[in-house]
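Heads up, the thing below is written out as structure tokens.
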Amino acid sequence: MTAPGTSLNAERRARELDALRPDTPVDLLVVGGGVTGAGVALDAAARGLSVVLAERADLASGTSRWSSKLVHGGLRYLATGDVGLARESAVERGVLMTRTAPHLVRPLPQVVPLLPGVSRRTAAVVAAGFAAGGALRAAARTPAAVLGPPRRLSPTEVLRAAPTVRRDGLRGGLLNWDGRLTDDARLVVALARTAAGLGARVLTRCAAEQVTGHGAVLRDVLTGERRDVAARAVVNAAGVWAGRVAGDIALRPSRGTHLVFPRAVFGGLAAGLTVPVPGERGRFVFALPAEDGRVHVGLTDEDAGTDLPDVPEAADHEIGFLLDVASSVLAVPLDRADLLGTFSGLRPLLDAGPGRTADLSRRHTVLTRADGLVSVVGGKLTTYRRMAEDAVDAAVAAAGLAAGPCRTRRLPLVGAAPRPALARVPAPARLVHRYGTEAVAVLAEGGGDPAAHAPVAAGTAATAAELRFAVRHEGALDAADLLDRRTRVGLDPAARARALPHARAALEAAGGG
């Protein structure tokens, strides 16, 4: 069974869109359906406010689905001296892992191989950083049973975790623990559905135009119809497009690129492989185990300019950089011929003048315009909940709304349960890691048909039952929603092509397009 009132689908969208009235203002209009916008909608709905979330495309259609899938404790911020931001990251990581989404976030061991290219001085600095991260974990009250302490590894232990690491000159490794999302887009969907269960109206394919602090014109992207929506408060959570919503915001987006490889290339990688970038302080390239037998290699930090595409693409020099740094610790260098695909996301960084985007602050900022429009920019996926809390606080203050206190620190998302309860869910572990307690409802979508629980195509473990569940309960309106966001089949373009007929069949069975 799904939680009451949390199902999103085409029928509900049409009904709630039709119910909008210009003479009946809502308490809060949220512009943007990424992790921050969905977090704002949930926070506001949980405080008892009436909420409309307007997203011009699909949930997690932008930056929120292109992250490293890491829920990290802020080690990089320690390296730059921003202890406050590092602590905030560690606290929010603990909230996700122990209270709000333990089904979606699991512990990830990360290994730094100590090879001749990593000097003893660099190794000592990294080890000190890991120790400081362990202290942050303790200060954030995340149990050691959830995230273990850092420690030194023997060469044998390094090769057990990462079999393709070079053996020549390997003197051991350093182990650290962090959080890993099953999938970032699934976190966004869970936030939106939890908000919907509290009464929020989640309207995808609805572009917000002529946005002010008191409302907007919503254009139904599917029909072209426009509706005036009045609101007592408005939050602009449009990410890298926040400046288009509120023209007085100067952003300097940066692009982060990942490469997608089959896990076989890494010999069955059992941990995150962490490689210091030569000549850089606190910067690493990661090789991270992912779903469907894949490994994601990232991350770059490139100035993206001002002409922002809906789907960013990796530049050739970024691919070369990632291949070179990751290959520096491998017995056999990575080969472009093994690439399944690439993906890139854009970071909504505030413009702080000349310099590298890698050096710009990752702190979030909440800005309130003279007409009351609240914009939230910057930040990281890990700290979305705190960003949402600050944005709703600002909106409540600007509009004088009667609202309760923030509840999201202890509010579980749909599918969430304590880890012992998740271990008892009668469903395959892969489904429990994606749907939590709702994994049983996903199985029910297949009825008694064994074929509904088989992979829809080579190169993915996604099933027809999952596609049907996404159409009926997760707001998927077309094949791209199904293959590129509710599942991540599309990270392998060849697997996507093979799965496309199954996505169309799921939509047709539900009367979709």
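The values are calculated or read from the model by the stated rules, or taken from the named source; none is laboratory data. Note that this is a predicted model, so its numbers are computed, not measured. Please note: Cβ atoms are built from the backbone with ideal geometry, for glycine as well, and neighbour counts cover all protein chains shown.
Please list, ordered by residue number, the strands (runs of 3 or more DSSP E) wholly in region 164-235 having 1 or more residues that are farther than 19 Å from THR36 by Cα. It would help to see each step written out before you state the result.
Values: elements: 173-181, 201-203, 206-212, 215-220.
Answer list for region 164-235: 173-181, 206-212, 215-220.
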> Quick check: is even one residue across region 74-85 touching a Leu at 6+ places or on another chain (Cβ under 7 Å) and modelled with pLDDT under 95?
Replying inline: yes
> Tell me, which helices (runs of 4 or more DSSP H) lie completely within region 381-454 with 1 or more residues that are more than 30 Å from LEU29 (Cβ to Cβ)?
Replying inline: 419-423, 429-435, 439-445
> Hey, among the residues in region 232-257 that are in contact with a helix residue (DSSP H, G or I) (Cβ under 8 Å, 6 or more places away or on another chain) and within 23 Å of THR342 (Cβ to Cβ), which one's modelled with the highest pLDDT?
Replying inline: THR257
> Is it fair to say LEU85 is surrounded by fewer than 24 Cβ atoms within 10 Å (Cβ to Cβ), under 19 Å from the mean Cα position of the chain (by Cα) and in the same structural domain as HIS258 (by TED's automatic domain parsing)?
Replying inline: yes
>> Quick check on this structure: which one of ALA461, ALA391 is at pLDDT 95 or above and surrounded by fewer than 21 Cβ atoms within 10 Å (Cβ to Cβ)?
In response: ALA461
>> Please pick out the residue among THR342, THR300, THR274 that is touching a His at 6+ places or on another chain (Cβ under 7 Å), in contact (Cβ under 8 Å) with a residue 24 or more places away in the chain and of a type in the set (Ser, Thr, Tyr).
In response: THR342
> Given the residues VAL311, VAL297, VAL325, VAL285, which is the only one that is more than 30 Å from ALA242 (Cα to Cα) and either assigned by TED's automatic domain parsing to the domain that holds GLY117 or crowded, with 16+ Cβ neighbours inside 10 Å (or both)?
Replying inline: VAL325
> Going through region 19-58 one residue at a time, which ones are modelled with pLDDT under 95 and either in contact with a Gly (Cβ under 9 Å, 6 or more places away or on another chain) or assigned to a helix (DSSP H, G or I) (or both)?
Replying inline: PRO22
> For region 297-333, how many residues are outside any helix (DSSP H, G or I) and out of contact with any helix residue (DSSP H, G or I) (no Cβ under 7 Å at 6 or more places or on another chain)?
Replying inline: 17
> Is it the case that some residue within region 20-40 is under 24 Å from ASP183 (Cβ atoms), charged (D, E, K, R) and over 22 Å from the mean Cα position of the chain (by Cα)?
Replying inline: no
> Between a first residue in region 134-157 that is outside the structural domain of THR382 (by TED's automatic domain parsing) and a second residue that is of a type in the set (A, V, I, L, M, F, W, C) and assigned to a loop (DSSP other than H, G, I, E, B), which pairs have beta carbons less than 8 Å apart while being 6 or more apart in sequence or on different chains?
Replying inline: ARG137/ALA144; ARG137/LEU147; ALA138/ALA144; PRO155/LEU170
